[in-house]
């Protein structure tokens with residue numbers, strides 16, 4: 001066994017080479033995010049750059065891979081999308097569901113038929129009307145085979161336009177998370193005319209009804225939006241929003257402190273620097289429990305992780321408390337499930353035990369590798385991800401489990417996860433209000449987020465029951481039973497529930513925190 005001091009010493013030693021590599025790659029500057037020249041991904045000629053002094057500058061920890069809700073699966077996508085697209089429903093500061101483009105809804109006693117009344121007089125940024133036909137188009141598009149939203153809307157059986165402001169949704173069976181699903185990308189309304197115009201390239205020409213209009217996306221550098229002067233919910237106070245990509249956490253924080261950024265999406269990438277932000281009279285730190293989790297996918301279709309005992313050995317060997325102390329400075333809580341505190345499925349299934357060397361050695365023996373084994377672990381390219389990888393390496397080393405780190409760009413990590421091109425891979429989830437949204441797609445056979453590529457019939461059955469059951473207590477019992485199985489299978493190593501920790505300039509007003517950790521820019525102003 002080893003102590004927290006041992007881990008810190010090992011981590012410090014391992015990062016000497018890492019720091020040299022970063023400097024050698026030309027990424028040590030506090031103002032440059034990439035040593036390569038950015039490639040222009042998208043420029044929309046008709047959308048000129050925003051003019052005026054009130055440009056909100058937001059730092060993102062990764063480049064948004066896909067701005068079309070249809071194919072998006074990253075949190076950084078949502079950070080940008082929420083300024084471009086409005087949703088049928090949204091969340092308030094307490095995480096409660098509220099109407100947005102919807103005005104109200106009714107559901108029958110069987111939980112299968114929903115009648116949604118829509119706001120009238122809303123227009124898309126291209127001047128076309130939002131109405132019930134648009135909702136029907138979006139639902140049908142999001143149900144297509146290639147859509148990342150397909151599983152979220154799989155029970156939508158029929159969509160009927162009653163009149164321009166009323167749409168009726170008939171489900172094939174009860175689906176408890178249905179309205180909750182519509183607070184996120186499945187509920188984001190895209191312009192049908194823009195989709196028809198741009199086709200598959202709509203991801204580079206996103207058009208919604210939101211407060212800001214897409215201008216350009218320069219890969220690896222920035223996304224620029226300008227104010228939607230005709231926004232249905234009142235003209236935004238800002239002239240525009242610019243999302244700047246910073247894969248180097250300390251560099252992002254330096255830009256926040258120097259005033260080059262107004263808002264930073266994640267201070268947990270460099271927690272050691274948070275005290276200096278708190279001491280800065282010009283800045284504010286917002287820290288609240290989040291809905292999501294972080295951990296490691298173990299590919300059940302590739303050796304050595306076809307063996308559940310070896311997966312379990314890795315799972316049991318990682319000390320969650322130490323990970324949080326070393327990497328997060330306490331801005332997180334230990335996890336053993338996808339259900340964060342406040343979720344209806346949260347409970348004993350999330351409890352974490354300290355690593356027991358005897359149990360871990362027994363698992364290695366049962367897995368046929370009493371002397372240990374090795375595997376490649378894919379992580380992101382940021383310094384915080386390298387630190388994460390180093391901690392995992394050092395925690396597994398005492399059991400002769402050798403970890404080789406592979407640094408991969410975030411978009412490629414998602415693609416590798418989807419295609420199964422990895423042994424172990426670090427990707428977390430930002431979390432959602434309903435347990436199904438942090439569970440089903442990640443664990444069912446061929447689920448779009450099941451990067452572990454597992455297939456467990458009993459889990460498929462329980463996951464389906466969990467989304468059909470309307471009683472909260474019965475739903476929790478279903479998820480408890482499912483987690484007992486998943487703990488045994490150890491396809492995913494749940495490590496911690498991270499806090500939403502943002503850095504904010506005091507020049508900013510009107511910022512409203514929402515528990516999903518996604519920024520709402522419509523209400524923000526800047527001095």
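Quick notes
- Rounded if a/c under 1.5, otherwise prolate or oblate - segment 404-527, Cα gyration tensor axes: oblate
- Take the Cα of residue 361, step 7 Å toward its Cβ, do the same at residue 344, and the gap between the two points is 4.6 nm.
- Counting beta carbons within 10 Å around each of 520, 467 and listing the fewest first gives the order 520, 467.
- Distance between segment 69-111 and segment 144-182 - C-alpha centres, whole angstrom: 13
- Note on segment 386-409 and segment 329-385: Cα centroid distance 13 Å, given to the nearest whole angstrom.
- The stretch between residue 200 and residue 418, if pulled fully straight at 0.36 nm per residue, gains 76.6 nm over its current Cα-Cα span.
- Cα-based radius of gyration of the chain once divided by 2.2 N^0.38 Å, which approximates compact folds: 0.97
- Note: relative contact order over the chain, using C-alpha pairs below 8 Å and six or more positions apart, is 20 percent.
- Neighbour counts of C-beta atoms inside 10 Å place 379, 408 in the sequence 408, 379, starting with the fewest.
- Gain in span if fully extended, residue 285 to residue 154, counting 0.36 nm per residue against the direct Cα distance: 43.2 nm
- When you restrict to C-alpha pairs under 8 Å that are six or more residues apart and normalise by the size of segment 89-194, the relative contact order lands at 30 percent.
- Helix-only [θ]222 nm of the chain, DSSP H runs n ≥ 4, -39500 (n - 2.57) each, per residue, nearest 500: -8500 deg cm²/dmol
- When you restrict to C-alpha pairs under 8 Å that are six or more residues apart and normalise by the size of segment 311-377, the relative contact order lands at 33 percent.
- Taken over segment 89-194, the convex hull of the Cα atoms encloses 105 Å³ per residue.
- Per-peptide average of other Cβ atoms within 10 Å, ordering 318-330, 210-222 highest first: 210-222, 318-330
- 453, 497 arranged by Cβ crowding within 10 Å, fewest neighbours leading: 453, 497
- Kirkwood Rh in Å, taken over segment 264-345 so that all alpha-carbon pairs contribute: 15.3
- Where both bridge residues fall in the chain, DSSP classifies roughly 75% of the beta bridges as antiparallel.
- Peptide ranges 477-485, 226-234 listed from the most packed, as the mean C-beta count within 10 angstrom indicates: 477-485, 226-234
- Of the peptides 85-97, 425-437, the ranking by mean beta-carbon count within 10 Å, highest at the top, reads 425-437, 85-97.
We did not get these values from a lab; they are worked out from the coordinates using the rules stated. Every value quoted in this text rests on a predicted model; they were computed, and no experiment measured them. Note: ideal-geometry Cβ built from the backbone for every residue, glycine included; neighbour counts use all protein chains shown.
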